[in-house]
Every structure is written in C-alpha cells, then in structure tokens.
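What follows is one structure encoded as structure tokens, with my remarks underneath.
The values are calculated or read from the model by the stated rules, or taken from the named source; none is laboratory data. All values derive from a computational prediction rather than experimental measurement. Neighbour counts run over all protein chains shown; Cβ positions are idealised from the backbone, glycine included.
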Amino acid sequence: MKSLSDKAIERLRAGADEPDLAGTRYHLLERVARGGMGVVYSAEDEKLERRVALKVLDVPGTDNDLANRLMREARVLARLEHPGIVPVHDVGTLADGRVFYTMKFVEGQRLDNFIEAVESVQDRLRLFLRICEAVAFAHARGVLHRDLKPANIMVGPFGEVLVMDWGLAKILHAEAASADCASDPQATILEKPKRQDDASDSTKSSVITGHGTVMGTPGYMSPEQARGEIGALDTRSDIFSLGALLRFILTQKAPSGIAPRLDRSLEAICAKATAEQRDSRYATVQDLGQDVSRYLDGLAVGAHRESIFEKTARFYRRYRFFILLILAYLAMRVILLLVLKR
Amino acid sequence: MNKILIGLLLGALLGAIDGGTAWFTPAVRAQIVGIIIGSTVKGLIAGVAAGIFARKVNSVPLGILFGLAVGALLAFLVAYMQHGYYLEIMLPGSIVGMIVGFATQRYGASAATTPATR
C-alpha cells in the first residue's frame with residue numbers, strides 16, 4: 001500500500017480547511033493571511049465582479065462567542081469609515097455556520113516590508129502621520145486598536161496607508177457601543193494560533209495570556225496592556241504602540257543599507273510616546289502627530305528642550321537654502337569689490 | 001510662506017546688503033544711509049515682481065531671466081540718477097534680481113489653497 005507524502009497530506013489538509021462559499025456571492029481564490037481570530041482569503045465577488053478580502057473563522061463549529069467577536073470586529077470596522085482604515089463590504093454566515101465578513105482587498109505591502117524601500121526620514125515620518133490620522137479617527141469614534149504593529153499596517157500601490165486587523169479592538173465609550181457590543185463588556189478578542197507556522201514569529205504574533213486578558217504584541221503593547229489591566233486601557237495605550245511603531249519606522253535600514261540616524265528630537269518623541277507611565281505619554285494621538293509635524297516643519301518639538309547649539313543647527317537646517325544664497329551673494333560681492341578696486 | 005513674501009524678504013535683505021557694500025567706496029561713504037534705503041527698496045520691488053511672476057509662470061530659467069531683467073532695469077534707473085557707477089550698481093543689482101527670481105521659482109506656495117468643503 002502506498003502512503004501519501006507530507007506535501008499531499010498538507011494539500012489535503014489545506015483543502016479541508018478552506019471555507020465552503022456555496023450559497024454566497026463569493027468565489028474563493030487563495031489564502032492570504034491569518035488575522036486576529038480567523039483566516040483571510042482573497043475572493044471574487046461574483047455580483048460586483050471585484051476582488052475582496054474575506055475573513056472567516058478558521059474552524060467550523062466554533063462557539064458562538066468567537067462568531068460574535070468576528071461579527072463585532074466587522075461592526076467596529078463598519079463604524080470606522082476613513083481612508084486609512086480598510087472598509088467592510090459585507091457580513092454573512094457560511095453553510096457550515098462559520099461567520100465571515102468581506103472587506104476591501106488591499107494590494108500592497110506590509111509596513112515592515114515596505115519601509116525598507118523608503119530612504120528619507122521625512123517620507124517615513126509622513127507615512128507615520130497617515131497612520132496617526134487613522135488611529136486618531138478611531139479614537140474619536142471611541143475605538144482602541146490595541147494591536148498596532150508593522151504587520152498590521154498596509155501600504156497600497158499609490159502610497160495609501162491602511163490600518164488593518166481590528167480583531168483586538170476595544171470600544172471605549174459606552175455611548176459608542178452598539179447593543180451587541182454592550183453584551184461584551186471586556187471587548188477582548190481571544191484566539192489561539194492553530195498552527196505552528198502561524199505562531200512561529202513571536203515578535204509578529206499576538207500573545208494570548210488567558211481568558212479575559214488583553215492580548216497584544218511584545219514590543220508594541222503598552223506596559224498596562226502587558227500586565228492585563230484591561231480597565232486601565234485608554235488611548236494612551238495605542239499611543240505607546242504608535243511610539244514603538246515610530247521607532248521601528250525610523251530605525252529600519254534604508255535601501256542604501258544604512259539605518260537613518262535618529263536625532264534627539266525624534267528620540268524624545270519616541271521616548272515620550274513609549275513612556276512607562278501612561279501619564280507621561282502624549283495625551284492624544286493628535287498631540288503626537290503634531291510633534292512629528294513640527295519636526296517635519298523644522299520647528300522645536302514639545303518632547304525635547306533644545307540647547308542653543310541645537311536651536312542654531314535647526315535654524316540652519318530650516319533656512320539652509322536662504323542662508324547659502326545670501327552667503328553665495330556675499331562671496332560674489334566681495335569678489336566684485338576686489339575686481340573693481342583694481 | 002508664499003512666493004511674493006519670499007521675494008519681498010529676500011529682495012529686501014539682499015538689497016540692504018548690496019547697499020551696505022557702498023561703504024567700501026570712500027567717495028559715497030557719506031551717503032551710506034540713503035544708499036542702503038534706496039537699495040533695500042530696489043531689492044524689495046524686484047523681489048515682489050519676481051514673486052508675482054513666479055505665481056504666474058512656473059519656470060526656473062524664465063524666473064531667473066525675469067529677475068535679471070527687473071534687477072538690471074531698476075539698477076540702471078538708480079545709476080542713471082547717480083550719473084555714474086553703472087557697473088558698480090547694475091552688476092550687483094542684476095545678480096540680486098537673478099537670485100530672487102530663482103528663489104521665488106523654487107520655493108514658496110504658488111497660490112492659496114481653497115479649503116475642502118463637506
């Protein structure tokens with residue numbers, strides 16, 4: 001008797017895991033990634049004839065709790081209509097009872113892959129500001145992301161930045177929460193990676209610490225989130241993650257192979273955003289974004305008190321073009337004077 | 001900062017420096033204050049003209065050429081009134097015009113943006 005090869009078994013297993021989309025308007029194309037509590041596939045919307053991303057619970061017959069949580073994630077996303085947040089198109093239930101939702105299929109690169117192609121600090125900071133805008137919008141709608149990290153940011157082919165995977169999102173304000181969200185006071189998504197490869201990279205995978213405990217990603221989650229203080233989480237927890245994200249964006253190597261030098265103002269911004277004590281962090285994402293914008297405009301940042309030398313250097317950097325023009329003019333004038341005196 | 005303001009500030013600054021160099025010519029040292037004021041106004045006019053031109057025409061070579069022409073013309077008028085020092089006045093004045101012509105083309109907002117409406 002012939003035994004099946006490991007590859008064949010793997011293929012069969014993958015085929016068995018694929019969701020049955022019969023009875024829906026979608027046609028499955030391929031598996032794309034694994035999200036918060038399910039698998040993301042690319043699918044074809046047969047009615048609208050467009051490609052969508054379809055997120056579905058990865059195991060049929062899972063409990064209602066997970067189904068409710070996936071539905072809740074879809075509703076959170078539906079509430080967040082913003083160019084920087086991936087829009088939800090549809091929700092539904094498969095024949096096997098699995099809940100799914102479809103969203104815009106983002107053709108782009110994950111931030112951790114994309115950032116290496118961005119050479120200048122200015123461009124990296126502008127990209128970061130777009131992330132801040134999306135997160136600030138979510139905060140204004142009373143939603144915390146709680147799992148901001150490079151793997152959850154996508155950069156599209158036209159430079160559009162999209163914050164993905166709101167599976168760990170928490171609704172902050174009671175008035176913002178819908179009825180079914182209110183039935184989930186902890187608003188916490190719990191899910192274990194099912195496969196070895198899904199959990200292989202600990203720095204990229206969300207950590208599970210047990211029921212009722214907030215998850216996140218080491219290095220990107222705030223200390224209070226790591227301690228599981230669910231009640232203590234507020235927008236400053238996301239600000240910590242944004243600070244860690246900013247440090248990542250700024251210290252990744254450029255195509256030239258050299259990591260951009262982090263100057264003191266940027267270092268101070270990162271340090272303030274990722275302060276151990278949340279009271280020491282920026283109060284809002286707008287404040288963080290404003291400091292980054294001030295840096296981009298060549299102005300002093302609130303997080304760092306400059307010395308006179310730093311002020312002079314910043315003044316020179318800001319007006320370098322004009323200073324050089326005036327110096328060039330003066331040099332020319334001196335030459336003219338010497339020539340005319342002869 | 002818009003182009004006209006850049007032209008105005010840079011033109012005035014370079015014009016003042018330009019006038020200040022008259023101190024190195026002993027024959028006119030006594031009139032240094034008047035020369036500096038006149039030269040500043042001359043640079044200012046050239047700068048504003050270059051700024052207005054830059055808002056209408058987006059071309060570095062044409063901007064430089066326009067600045068050169070305006071600077072040279074204004075400097076010629078000054079030299080004509082002085083009845084002399086044509087080279088000493090016109091050469092630096094033309095270069096100031098070129099510099100502001102270049103600066104206004106390369107830098108500054110070309111026009112006020114209309115705020116988006118809901």
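Evaluated against (1) within 11 Å of chain A (Cβ to nearest Cβ); (2) in contact (Cβ under 8 Å) with a residue 12 or more places away in the chain, B:I17 falls short on exactly one condition, (2).
Per-residue answers, yes or no, for (1) under 23 Å from A:M332 (Cα atoms); (2) in contact with a helix residue (DSSP H, G or I) (Cβ under 9 Å, 6 or more places away or on another chain); (3) more than 14 Å from chain A (Cβ to nearest Cβ):
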| residue | (1), (2), (3) |
| --- | --- |
| B:S39 | yes, yes, no |
| B:G47 | yes, yes, no |
| B:N58 | no, yes, yes |
| B:L62 | yes, yes, yes |
| B:F66 | yes, yes, yes |
| B:A69 | yes, yes, yes |
| B:A72 | yes, yes, yes |
| B:I89 | yes, yes, no |
| B:A103 | yes, yes, no |
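Listed conditions (1) within 14 Å of chain B (Cβ to nearest Cβ); (2) surrounded by 13 or more Cβ atoms within 10 Å (Cβ to Cβ) are all met by A:G302, apart from (1). A:P87 passes every criterion in (1) surrounded by fewer than 17 Cβ atoms within 10 Å (Cβ to Cβ); (2) out of contact with any strand residue (DSSP E or B) (no Cβ under 7 Å at 6 or more places or on another chain) apart from (2).
Can you confirm whether region A:311-321 contains a residue that is of a type in the set (S, T, N, Q), assigned to a helix (DSSP H, G or I), farther than 21 Å from A:E133 by Cα and away from chain B (no Cβ under 14 Å)? Yes, region A:311-321 contains a residue that is of a type in the set (S, T, N, Q), assigned to a helix (DSSP H, G or I), farther than 21 Å from A:E133 by Cα and away from chain B (no Cβ under 14 Å).
Is it the case that B:A54 is in contact with a Phe, Trp or Tyr (Cβ under 9 Å, 6 or more places away or on another chain), assigned to a helix (DSSP H, G or I) and crowded, with 24+ Cβ neighbours inside 10 Å? So B:A54 passes the test.
Regarding region A:327-340, can at least one residue be identified that is more than 14 Å from chain B (Cβ to nearest Cβ) and either among the polar types (S, T, N, Q) or surrounded by 13 or more Cβ atoms within 10 Å (Cβ to Cβ) (or both)? No, region A:327-340 has no match at all. Checking B:G63, B:G34, B:G38 one by one, the residue that is surrounded by fewer than 17 Cβ atoms within 10 Å (Cβ to Cβ) and more than 9 Å from the chain's Cα centre (by Cα) is B:G34 and no other.
Of the residues making up region A:271-280, those that are surrounded by 15 or more Cβ atoms within 10 Å (Cβ to Cβ) and either closer than 14 Å to A:M221 by Cα or in contact with a strand residue (DSSP E or B) (Cβ under 7 Å, 6 or more places away or on another chain) (or both) are A:A273, A:T274, A:A275, A:R278.
To keep it simple, each residue is scored yes or no on (1) over 23 Å from A:L242 (Cβ atoms); (2) in a helix (DSSP H, G or I); (3) modelled with pLDDT of 90 or more; (4) out of contact with any helix residue (DSSP H, G or I) (no Cβ under 7 Å at 6 or more places or on another chain).
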| position | (1), (2), (3), (4) |
| --- | --- |
| A:V59 | yes, no, no, yes |
| A:A74 | yes, yes, no, yes |
| A:E116 | no, yes, no, yes |
| A:R124 | no, yes, yes, no |
